[in-house]
Structures are given as C-alpha cells and as structure tokens.
Amino acid sequence: MNARWRQLTCLAAFLAVWGGAGRLARAHKPSDSYLTMSRRGVDVAVRWDIAVRDLEVAVGVDANGDGSVTWGELRHAIPATRAYAAGHLALSTSGRACPSSFDEGERVVSHSDGAYLSLSLVFHCPGDPDTLAVDYTLLFELDPQHRGIARLNDGTGRVLIFDAGRRRLDLTWSGADRSGQLAAAVRSGVHHIWTGYDHLLFLLALLLPAVLRRKPDGVWAGVDDLRTAGADIARVVTAFTVAHSITLSLAALGFVALPSRLVESLIAASVLVAAVNNLVPLLRKDRWVAAFALGLLHGFGFSATLDDAGLTGTALLKTLFGFNVGVELGQMTMVVLFIPIAYALRNRALYRRGILRGGSTVIAAVSLVWLIERACNVTVFGWLSR
Amino acid sequence: MHRLNPVAGMWLRPRAASWALVLLVVGGGVSFFATRGRSHRDGRPFLPVSDSEVVETLPRAAGDPRAQEAKRLRRQLAADPRDVSAATRLARLEIEDARSTSDPRHLGYAQAALMPWWADAEPPPAVLVLRATIRQSRHDFPGALVDLDAAAAVQPGNAQVWLTRAVVLSVLARYDEAAQSCGVLPALASPLVYAVCQAGVKGVTGQAPQAAATLSRALVAVPQEDPTRPWALSVLAEVTGWAGNLAEAERLSRAALALEPDDSYTRAQLADLLIDSGRDAEASELLRGREQNDGLLLRLAIAETHAGASAGTAHVKEAGERFAAARLRGDRLHGREEARFELVIKHDAAQALSLARANWEVQHEPADALILLQAAQAARQPEAAAPALAWAKATGFQGPAVATLARQLAGSR
C-alpha cells in the first residue's frame, strides 16, 4: 500500500471531506546542511541536519534502489552517516582538537527541499572553548556548490557559512551566553507554551469549567466562592505540570522515544477530549485526573522543542529545569489572566453558553482538524496548522 | 429551566447558537492570525512512526539508467580524477539533468566532475564550454565570457560556443559583440539557429518587429518535428511581446509550451503576460503544480495575491522562505525575482529597489530594467531608475511596460 493511498484511507476513516488539502511540491535548491551549535561548559553540542538526498550521494541510503527512502533504510545508514559526518567536521581550541561523540536519537526533519537526517553530536574540548576553529568539509568533493550553514545558539543568532572556498572559520562565543544559558532555557519554555497552541487550548479547555459546578441534573451553575474555583484550578494546573514534567524529563534524558506523529496526534486527541468533556461529560473522574493522564502526553510534545533547539544530549539538566520553569511561568500568566475574568462572569448566561460551550466547541473543532492533519499527515487548512 | 442534551441544546437555542457563531468567527480569526504562516511540522525534528514509513522520495531511483551511468562515471573518476573524457561526460549528463529538472544540485555535481581543471587558466577545450555553462548558471557572466572567448579561439567551429557567447554578451548589454557572435553561426548551424540568435539581440535593440518577422519566416521553413522549434517559438513569443503584439505573443508561448511543457522559462513568460493583463485566474491555472521552480512559485503567489485566493498565503510564505534560504547561503541568483516579491507582494519598495539595483549590476536583460524602473517609481526615487532609463534610451528597447514606465519616470525627473 503506498503512502498516498494510506493518507486517503486515513482521511476516509474520519469521514471528512475537506477542500484544499495537499502539500506544496518541494523546492529545488542547491545543497545545504544546517548546523545549530550550542555551548555547554567545555562541551560544544551540535545539531546537524543533512539532506537525505545528499546522503544518498555520499554514503548511499536507498538500499533497495527503488527511489523511496524509508526510515528503516535511513536507520541502517546511520553508522555510515556518522562515520562520514565525523570525518568532515572538526572543532579545535588553541590548536588542540575537541574529540567528538554522537548522541543516540537521530531524528528526521523537514526543510524546504525535503527530508533531512538530524544528527546530534557533542565535542569535548580540552580547554575553555571561548574561541573555536571550525573546519567543515562535508560534501565539497561531491558538490562544490554545497554550503554548511551554522547558527550559533548563543543568543546572538549569528550565522556562519562554510563553502568550498571557506572551509575554516573562527568563532568567539558571545559573553552573554555563559550566564544566560539558564535564562535562555526559561525564555524558551515561556515562548513554547505561548506559541504552543495545542498545550494552551488543552489547559484552557480544562480551566473553562473551573468557576462552575455541574448540578446533579447536569446543568452548570457558578461556584459560590473564589476559594473553590482557586482550589480546582490549582489542582488542574499542578496535575498537568507534574505529569508533563515527568514525561518531558523521561524523553529529554533519552529513556523514552515515541514516534512524533503518534505523540502529536494523541496531544490533538487530548485537546479534543478535554473540550468535548465540557459539552458532554465523558470523564467521570475529577478533572485533575484527566489533566494528569493527558498531561503525560504533552510532556513528550515539549521534548520535541528541546530537540529543535539542539538542547538534547548529555548535561542538559540545567536546560531541562529552566525550560520547565519557563513553561510553568507561561502557564501561570494565563491562569492569572483567566481567573478574575472567569470568576466575574461565572453567573452570567454569557459565560455558560457562550464562553464555556461556544469556546469548547471552537477548541474541539480546531483540535479535530489538528488530529486529522497529524494522524493522516496532511494539511487541511494551512493557516490552522502548527 | 428545561433540560436538554447540552450539545443539542446549543444548536437549537437561537441565542446560544448565535453566541457559538460569534465565538467560532472570533476563534477562527484568532487562530488564523496566530498560526498564519506555520506549516505542519516543518523544521521540527520528528521520529517516524515505523521503519516502513517513507521519509524521502529521491528524484531518481538508484536503478534508473541515467543514475547508473552517473554512478559508473563517478567510480571511473574516483580511480582517475583527471580522466577528461569521463569527467566531461559526467558533467554533460548532470548539466542536462539540471536543465530538464531545474534542480541546481546537478550543477554542483557537474562542477565536482570538472574540479581538477576548475581554476586552470587553460583547461582542455571540452572542459571550457562546460565550465562556461556552469559559470553562466551561477550568474558569473564575466567568468563565463572568458571561457567562451577561449573556447571560440580553440574551437571556432563549435556553434554552441558562439550561441552561448551571444546570449552572455546580451545579458551584459554588449549587443554589437553579441550580434557579431551570432554572425558566425550561418556557416556552422541551421538558418533557424542563426535567426533565433539574431532575434534575441535585435529584439532588445529597438528592432523587435523586424526581428519577429525574420524569425517567423525562418520558422515557416522548418519542419514541425525540428528539435529547435520549441526554443525558437519561445524566443519569437518574447520578441513579439516586446514589439507590442501581446495576443500573438500569448499564442506563440502556448504553442511553444505545448511542445515542451517542462520549459519553465516559457511558462514564466506566459504567466507574466497573463498577470500583466489581469488574467490572474488563468495564470494560477498555468502555474499550479509547478511550485518546485522558484520563479514559477513566485508568479503563482503574485497571481493568487491579486485574486485574493486563500491558497496565496501558503505560496507567499513558501516563496518568502525560499528567498530567505537563498539569502542565508549567500546566493545572489534570484535578485530580479526577489525584488519583484518585495515590490508586488510585500509592498516594500525600498527593499525591492535595493535588490533591483544590485541585480542590475550583474545583468541587463529587459526584465531587469523593468523591475528597476518599477521599484524606483514605487520608492519615489526616480533618480535610481537612471541606469535603466539610460539603457532603454541607448538600446531603443520598445517593450510596452518598460516604455510606459520610462516615459512616466522621465517626466517626473
């Protein structure tokens, strides 16, 4: 069964017919590899994305020669890829080489011209890598128009470009970084919760009914005092936080690795469940139990962000801690904005009908689109996707 | 208070339903603006679901005959990198693939095959022409010209050299020399090749109607199946457009495209003609499914933006990302297109002008003059248009869009 057919059957399974689905044809562009370099004490961590197409030319990844590279074929080519890559990137400080090692956990990442294999490696420098010499020679013998594009993850956003005529570059880390590493992780956490709409909507769906209680006949009524609402919110937020901290740590430290599409689909499903639960009671337990159980999924989602920032691998506890603090700060900001408004409006029909039901319906609709998109790997509404 | 199924109730009670509608609109609007421009999973590393998940489709399967030929030649070169015959065969193969797929990676592979001679002042003649082609594709026109001059000296009987030389000289606005280069062709190539070469030069230098007439006559004498026909039709279409006959230019472009649907240059030319006459829907139709090519994607984004189509946002974003990626790697190949993107889609006239000026430093084709004039006018800096105005005056170029703008800008100075 080919991939297109699987997508179609998957869509059909949702009994949904949407217009405008589909993805753009991939760009044609010259060969580039993308590096993200982060400094961690005497270590330098590098996330390195190399195009699958280029790997086919350099080491050969399409084992059965059918033109389709599967994840299995790519995985088998990882040892050869590592050997090839390691021979074409060298870091040194004051003339002394920094030996390198690869972290487990290669990923696939999509850039404008197709799929890339994302490698993660750490250089252990013999001394303070304040200033580094970087020697980059990947692919030049096969494609002299290839470039290596390295972004420095030190808050400056500087970019180094290696080409066939410029294979060695010297860099000096920005001083701001050394003290600011924790702060950067905190900022990254805050940024992620505020731009991670799925997490935000999930939390919102759980918080919307916090200023209400369901009477025995199923009708909502406002709670009597702020303390009841506050206690409920505290339970929900704490449960969500504890749950996603557990799974974020497990994933970031490399104990658990789940397929990303599965995680993202389940996260979308969790938002859908939380929203629908406000319309039709699905979950019998208290909402904090749901917040905990479903929150476990969201931790795996957060860990993808750490991957993205090139922050995985060894010695990342400080980053992990900072990121978590950032996520909590971002979350608390939303709660603090939400409580007074919700509490003030709780006895109005506007709140029960418009905000609770209408809002939950919107959240449910958005999360359903996400679920379909992520499960079937299609884009339904470009503007709704994330 | 009556009790209803909460979901059913929401849809049935008019007040609740209208609230829901309001929220739907608000929620939709908020998520529209909040998530606009993000695309599914792009740029985020992920772990595929299973070993059988296809992560990439290669443009050419390893079993493909051309791929095998390339592989064989590469092996041969690994054993002896200075094997001129294998190197030039591989480079030619890759250049052909670069043309047929418009995938620039092949130009890199071609260059790799020629590396032993890349910096040589006097490489073998076969290498000279190929090196010139690659340099030309990198918009290194002076470098390409040096190679072509050398190639013409050692291979005066090679028509391809004189033709390519004429094209490069035209891009550099050295029209007399370009015409001289065309003038060598009657002895070496078919009358049609000579006519096309001449039409390309004369079309720019104020003789577009005559050039179109001469080329039409040469075309009539050529059989339908002649392989140079689509190219000749495409050049004739362009020259006819410069002569102001847009309907005929459209007909000719369509005829050329029917013979060679993968010709991106002609497709772009036809798309521009449609966009300029306000036929954006037809332009979109022409370009859809061809987004791989940056130039065609840009025109699709422009046509859709004009028409207000929602798909336009995705194409605009994609085009912007490709320009950003090219800028990141330090490429200056898309100056003309990027200037147009900034001007027509982003409405950033200052940025467009700076790109159009830098582009004019490199190349002097009519489209380069046009974008410089447009950007200068939009940025209210008519003096910045001076080089393009001087070019139009010196050449006597008659293209209607350039002529109109030149009049307006000359009047405002």
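Evaluating 6.51 cos²θ - 1.76 cosθ + 1.60 at θ = phi - 60° for every residue in region B:171-176, the Karplus couplings come out as 4, 7, 6, 9, 6, 5 Hz, glycine and proline recorded as x.
Radius of gyration over Kirkwood radius for chain A, both on Cα atoms: the Rg/Rh ratio is 1.03. Database remark: amide H of A:D32 closer than 5 angstrom to the amide H of A:R147 (H placed geometrically; neighbours at sequence offset of 5 or more, or on other chains; Pro and chain starts carry no H).
Could you calculate the FRET efficiency of B:A403 with A:A234 from 1/(1 + (r/R0)^6), where r is the beta carbon distance between them and R0 is 51 Å, rounded to 0.05?
Numbers: r = 73 Å, r/R0 = 1.43.
Approximately 0.10, to the nearest 0.05.
Of the residues A:K29, B:K317, B:K393, the one with the largest accessible area comes first in the ranking B:K393, B:K317, A:K29, computed with a 1.4 Å probe on protein heavy atoms. In the context of the full protein assembly, B:W242 retains an accessible surface of approximately 40 Å², using a probe radius of 1.4 Å and ignoring ligands and nucleic acids.
Computed over every Cα-Cα pair of region A:56-123 and binned at 5 Å starting from 0, the pair-distance distribution P(r) comes out as 3, 14, 24, 22, 17, 10, 6, 3, 1, 0 percent.
Using a probe of 1.4 Å, the accessible surface attributed to A:L182 totals some 70 Å² when neighbouring protein chains are kept in position. Provide the net charge surrounding A:Y343, with neighbours chosen by a C-beta distance below 14 Å and charges set as Lys +1, Arg +1, Asp -1, Glu -1. Within the 14 Å Cβ shell, the charges total +2. Pairing chains A and B buries close to 7300 square angstrom of accessible surface in total, based on protein heavy atoms and a 1.4 angstrom probe. If R0 equals 25 Å, the separation of the Cβ atoms of A:A86 and A:V42 corresponds to a calculated FRET efficiency of about 0.85. Peptide A:357-368 shows a mean partner chain C-beta count of 5 within 10 Å per residue C-beta. The overall shape of region B:160-249, judged from the alpha-carbon gyration tensor, is oblate: a/c is not under 1.5, and a/b is no greater than b/c. A Förster distance of 35 Å, applied to the separation of the beta-carbon atoms of A:D163 and A:A183, puts the FRET efficiency at 0.55.
Accessible surface for A:M37 stands near 0 Å², nearest 10, in the context of the full protein assembly shown (1.4 Å probe). If you bin all the Cα-Cα distances of chain B at 20 Å, starting from zero, the percentages per bin are 21, 51, 21, 6, 1.
Computed per residue of chain A from DSSP H runs no shorter than four, each worth -39500 (n - 2.57), the mean residue ellipticity at 222 nm is -15500 deg cm²/dmol. With a simple spin-label model that places each label point 7 Å from the Cα along the Cα-to-Cβ direction, the separation between A:A349 and B:H347 comes to 4.3 nm. In the context of the full set of protein chains, region B:229-361 has a per residue accessible area of 41 Å² (1.4 Å probe). Against the longest principal axis of chain A, how steep is helix A:226-252, in degrees 0 to 90 to the nearest 10, with axes from Cα atoms? Tilt of helix A:226-252: around 20 degrees. Projected label points at B:A386 and B:V222, each 7 Å from Cα along the beta carbon direction, are separated by 4.2 nanometres.
Note on the protein assembly as shown: along the principal axes its Cα atoms extend 98, 66, 55 Å, ordered by decreasing extent.
Rounded to the nearest 10 degrees, what's the angle between the helix A:176-195 long axis and the longest principal axis of chain A, both from Cα atoms, 0 to 90? Its long axis makes an angle of about 40 degrees.
Counting charges near A:W71 (Lys, Arg +1; Asp, Glu -1) among other residues having Cβ under 14 Å from its Cβ returns a value of -3. Remark: mean inter-chain Cβ contacts per residue of A:27-37 equal 6, using a 10 Å Cβ-Cβ cutoff to other protein chain atoms.
Here the spin labels are modelled as points 7 Å beyond Cα on the Cα-Cβ line, and at A:N64 and A:D130 they lie 5.6 nm apart. Relative to the longest principal Cα axis of chain B, at what angle does helix B:349-362 sit, 0 to 90 degrees, rounded to 10? Roughly 20 degrees between the two axes. Accessible surface of the protein assembly as shown, 1.4 Å probe: 59 percent of it comes from carbon and sulfur atoms. Distances between placed amide hydrogens fall under 5 Å for A:V61 paired with A:E56, all partners being 5 or more residues away or on another chain.
Shielding value for B:175-183 is 0, the average number of Cβ atoms from other chains within 10 Å of each residue's Cβ.
The values are calculated or read from the model by the stated rules, or taken from the named source; none is laboratory data. What you see is a predicted model, and the numbers here were worked out from it, not measured in a lab. Quick reminder, even Gly has a Cβ in these numbers, built from the backbone with ideal geometry, and neighbours come from all protein chains shown. Accessible surface is based on the protein model in full, side chains and every heavy atom, while ligands, DNA and RNA are left aside. Shrake-Rupley method; radii C 1.70, N 1.55, O 1.52, S 1.80 Å.
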